[in-house]
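Participant: I have a structure I would like to understand better, so I am pasting it below and will then ask my questions one at a time.
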Amino acid sequence: MSEASKLFLLFSSGGARYGLEAGEVAEVLALRRLRPLALAPSWVAGIFSHRGSLVPVLDLGALLTGQAAAIRTSTRMVLVHYRRGGAGPAHLLGLIAEQASETLRCAPAEFRDYGLDNQGAPYLGPVRPQGLVQWVRVQDLLSAEAEALLFPLVPGVPGAQGPSA
């Protein structure tokens, strides 16, 4: 019995192709004006208001290659479902992604480990040999420290999030 196929939203960074599992994507928007966050890592682009909630935004170009995403007509704001600690309720997390205008349907088994231990970048998953598309795992994008910065817990309220909830 063959494994069910999944849909991936493709994007580029530094000349390489990447994919986000479409089931983790809430919306794809045009770029928005962001409010920068003081003292945040360079790959945190800022926050914006979306339907009454503050949404933190990462620049995938800066995270993956150290270079900010190029502002092009195909550069998009991808809103994904992120769960703090990998569990609990989903919160929106914005991702600035270049050339986020194509999708790929394939079986997850088509992606292969490539032999490098990415402990410093656990969000970089296996690579699909055809097209050299690397799977980016949304739930592994943030370290515990970054997660605490972008999705702070509200003191005294178990499981409640700060203003980005």
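Participant: Those residues that are touching a Lys or Arg at 6+ places or on another chain (Cβ under 9 Å) and surrounded by fewer than 14 Cβ atoms within 10 Å (Cβ to Cβ), I need them from the range 51-89; list them, please.
Facilitator: 89
Participant: Which of the strands (runs of 3 or more DSSP E) found entirely inside the range 1-66 contain at least 2 residues meeting this: in contact with a helix residue (DSSP H, G or I) (Cβ under 6 Å, 6 or more places away or on another chain), under 18 Å from residue 94 (Cβ atoms) and small (Gly, Ala, Ser)?
Facilitator: Those strands (runs of 3 or more DSSP E) do not exist here; none qualify.
Participant: Here is a follow-up. Would you be able to say whether some residue in the range 107-115 is crowded, with 17+ Cβ neighbours inside 10 Å, in contact (Cβ under 8 Å) with a residue 60 or more places away in the chain and either in contact with a Lys or Arg (Cβ under 9 Å, 6 or more places away or on another chain) or closer than 20 Å to residue 4 by Cα (or both)?
Facilitator: no
Participant: Further question on the same structure: Suppose we filter the range 67-80 for residues that are at pLDDT below 95 and assigned to a strand (DSSP E or B); how many remain?
Facilitator: Count: 0.
Participant: Only one of 32, 51, 84 is in contact with a strand residue (DSSP E or B) (Cβ under 6 Å, 6 or more places away or on another chain), over 25 Å from residue 131 (Cβ atoms) and modelled with pLDDT under 95; which?
Facilitator: Only one candidate qualifies: 32.
The values are calculated or read from the model by the stated rules, or taken from the named source; none is laboratory data. Please read all numbers here as calculations on a predicted model, not as lab measurements. Heads up, the Cβs are rebuilt from the backbone with ideal geometry, glycines too, and the neighbour counts pull from every protein chain shown.
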